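Chemist: One structure coming up, written as C-alpha cells, with questions to follow.
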Amino acid sequence: MQIQWGLILPVVILQLILALIGLISLAKAEPESVRGPKWVWVIIILFGNIIGSIVYFAVGRRERG
C-alpha cells in the first residue's frame, strides 16, 4: 500500500499552521483573557490536532470589550 501524500500533506500543513497560530495567540494573550490555565490550552492545542486549535479559538479566548 502506497501513501498518497497529495491527500495527507495539505491536512498536515493545515494542522501545523493552526497549532502555530494558536500557540502564538496564547503566548501573547493576557492570563485574564484566557478561559482556564494557559498550560492546559498548550496541551489541548498540541495534542488535540486540528480540533484542539479550533476549540481554543472558539471557546478558550474571552471576548474583548
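Chemist: Does K28 qualify as being open to solvent by 90 Å² or more (accessible area, probe 1.4 Å) and of a type in the set (K, R)?
Modeler: Yes; evaluated as a whole, the condition is true for this residue.
Chemist: Which residues, counting only those in the range 31-42, are open to solvent by less than 60 Å² (accessible area, probe 1.4 Å) and either farther than 12 Å from G60 by Cα or without any contact (Cβ under 8 Å) to a residue 12 or more places away in the chain (or both)?
Modeler: Result: V40, single match.
Chemist: Please find, among S53, S25, the residue that is small (G, A, S) and in contact with a Leu (Cβ under 6 Å, 6 or more places away or on another chain).
Modeler: S53
The values are calculated or read from the model by the stated rules, or taken from the named source; none is laboratory data. The structure presented is a predicted model; accordingly, all values stated were derived computationally and were not measured. Glycine also receives a Cβ, built like all others from the backbone with ideal geometry; neighbour counts cover every protein chain displayed. Side chains included, ligands, DNA and RNA excluded: accessible areas come from the protein's heavy atoms. Shrake-Rupley method; radii C 1.70, N 1.55, O 1.52, S 1.80 Å.
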